[in-house]
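Read through the structure below, which is laid out as structure tokens, and then see the notes.
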Amino acid sequence: MKMYDLINKKKKKETLTKEEIEFMVQGFTNGTIPDYQMSAFLMAVCLNGMNQEETAALTVAMANSGDILDLSQIHGVKVDKHSTGGVGDKTSLVLSPMIAALGVPVAKMSGRGLGHTGGTIDKLESFPGFSTTISTEQFIQNVNKVKMAIVGQTANLAPADKKIYALRDVTATVDNLSLIASSIMSKKIASGSDVIVLDVKTGSGAFMKSYEDSLALAKEMVQIGTIAGRQTFAVITDMNQPLGKNVGNTLEVIEAIETLKGNGPEDLLKVSITLASYMLIGAGIAKDVEEATEKLYQTIENRSALDKFAEFISAQGGDSKAVYDTGILPKASIEEEVGAPVSGFITNIHTDEVGMTSLILGGGRETKDSIIDLSVGIRLHKKLGDYVNQGDSLATLYANDSSKLQEAKQRFLQAYVIGSEKPVTPPYVYAVVT
Ligand code: URA
């Protein structure tokens, strides 16, 4: 078999076999297929597409290119959740302890974020002493004992995806549905859970801006998960404004804790409960969304989710006192209000720009080696449909470096559109694909 022939086939819009795709992924991972041939192939995929069988074969080949986590030592049905990413997205921190408090094991491998804020494991590092690099043995032990563990991805999880993604990034081949779906699902399949719930974001702060593209991605990923023998659900949720009010690592942890205490914003709570419901249904703990929702609300009312969160933080070496007293978490030294330039309704939020504001303040990574400032970020005081008087605070910026404030403020003001008509606000959840 020759890579040249496979590129040529895709150029002529022909379909590759499973064996051909395996050959290509193995060869690229072990270095016998060079970057330039893989780049040509990826571009041919962007131009001519891949069918469902090819996409599934690519996913499985990438998942098999490294370690497949063996979670068989964990008792019960293992559930995992993945978000396609958005601004202020802290649902994992809310729903994982709820699910775990109901006895369902959450064995989660999370990436570090590249972009406006960190990923879940960056956020968790807000807790002094918290370790995201525990051994696989300890990980399994913790899930069995606490029902919840969250660690960073091992270097050898789907290495083919890591190498291919790096190439896509520099060859303008990221935005292809089959390539995105296979990239995400290869890591989820290699992570070993039985049930996968995908949070596919849609809107101005999402990877997929239009509902149609989000739906197509959701369908593609559910198909792949099903072919790979995992029960897979995708929930399409709104990202036309940040989720909740806090954006930034420690600020998001604080908001997640407030939500577990019953004081969280409605959108964050509703989206977390919807995602968690499908995790419970997949685990066989609830027969439908109504039953799941009731059980999940109880974990907030009886504080079992909050206590579970503290137990989890402590089991991974963190200071769990901070769960009950968030005042001891890292704090930014400067607080600056952003006043509304005119009076009116918030008619539109360019959510990506809110994310960029957080990045400017130091809350995200521009390159994979950037160091995140966990304490900086934004607290929003106004969201879509709210009315503001000129000069009212739209948000508080939290910073440690005053030289970044002006640029951050300007960027934030570009994100908010103020008009005279009250807009129709988007739903929290659009659809569920099973
Ligand atoms: N996230 C991934 O993991 N892969 C993609 O291709 C896009 C987003």
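Brief remarks follow.
- Boolean, Lys145 is out of contact with any Cys (no Cβ under 8 Å at 6 or more places or on another chain), farther than 14 Å from Gly192 by Cα and crowded, with 22+ Cβ neighbours inside 10 Å: no
- Single match in Lys10, Lys18 (criterion: over 16 Å from Leu167 (Cα atoms), basic (Lys, Arg) and surrounded by 20 or more Cβ atoms within 10 Å (Cβ to Cβ)): Lys10
- Tyr324 meets each of the listed conditions (1) free of Cβ contacts under 8 Å to residues at least 40 places away in the same chain; (2) in contact with a strand residue (DSSP E or B) (Cβ under 7 Å, 6 or more places away or on another chain) apart from (2).
- Scanning the range 145-162 for residues that are touching a Gly at 6+ places or on another chain (Cβ under 9 Å), in a helix (DSSP H, G or I) and more than 11 Å from the ligand (Cβ to nearest atom) turns up Pro159, Ala160.
- From the options Ser96, Ser72, Ser83, Ser39, residue that is closer than 30 Å to Lys308 by Cα, among the small types (Gly, Ala, Ser) and within 16 Å of the ligand (Cβ to nearest atom): Ser83
- Residue pairs meeting the criteria (Cβ under 8 Å; at least 6 apart or on separate chains; first touching a residue at least 40 places away in the same chain (Cβ under 8 Å) and closer than 17 Å to Glu337 by Cα, in the range 358-375; second acidic (Asp, Glu) and outside any loop (DSSP other than H, G, I, E, B)): Ile360/Glu407
- Pairs are defined by a Cβ separation below 9 Å, a sequence spacing of at least 6 or placement on different chains, a first member in the range 119-145 that is closer than 20 Å to Ser370 by Cα and basic (Lys, Arg), and a second member that is surrounded by fewer than 22 Cβ atoms within 10 Å (Cβ to Cβ) and modelled with pLDDT under 90; the pairs so defined are Lys123/Gly113.
- The residue that is farthest from the ligand (Cβ to nearest atom), counting only those in the range 166-201 that are of a type in the set (Gly, Ala, Ser) and crowded, with 21+ Cβ neighbours inside 10 Å, is Ser193.
- Exactly one residue out of Thr136, Thr132 is of a type in the set (Ser, Thr, Tyr) and either touching an Asp or Glu at 6+ places or on another chain (Cβ under 8 Å) or within 13 Å of the ligand (Cβ to nearest atom) (or both): that is Thr132.
- Every pair of residues 6+ apart whose Cβ atoms lie under 7 Å, when the first sits in the range 47-58 and is without any contact (Cβ under 8 Å) to a residue 40 or more places away in the chain while the second is not in a helix (DSSP H, G or I): Asn48/Lys13; Asn51/Thr15
- Whether a residue is in a loop (DSSP other than H, G, I, E, B), among the aliphatic types (A, V, I, L, M) and surrounded by fewer than 22 Cβ atoms within 10 Å (Cβ to Cβ) was assessed, and Ile140 does not pass this test.
- Residues in the range 39-68 that are surrounded by fewer than 18 Cβ atoms within 10 Å (Cβ to Cβ), of a type in the set (A, V, I, L, M) and assigned to a loop (DSSP other than H, G, I, E, B): Ile68 alone.
- Among the residues of the range 299-342, those that are charged (D, E, K, R) and farther than 15 Å from Val376 by Cα comprise Glu301, Arg303, Asp307, Lys308, Glu311, Asp319, Lys321, Asp325.
- Which numbered condition Thr232 misses (of (1) buried (at least 24 other Cβ atoms within 10 Å of the Cβ); (2) within 14 Å of the ligand (Cβ to nearest atom)): (2)
- Residue within the range 118-141 that is hydroxyl-bearing (Ser, Thr, Tyr) and within 13 Å of the chain's Cα centre (by Cα) present: yes
- Which listed residue, of Gly118, Gly111, Gly129, Gly88, is over 27 Å from Ala286 (Cα atoms), surrounded by fewer than 18 Cβ atoms within 10 Å (Cβ to Cβ), in the same structural domain as Glu255 (by TED's automatic domain parsing) and touching a helix residue (DSSP H, G or I) at 6+ places or on another chain (Cβ under 8 Å): Gly111
The values are calculated or read from the model by the stated rules, or taken from the named source; none is laboratory data. Keep in mind that what you see is a predicted model, and the values were worked out from it rather than measured. Cβ atoms come from the backbone with ideal geometry, glycine included; neighbour counts cover every protein chain shown.
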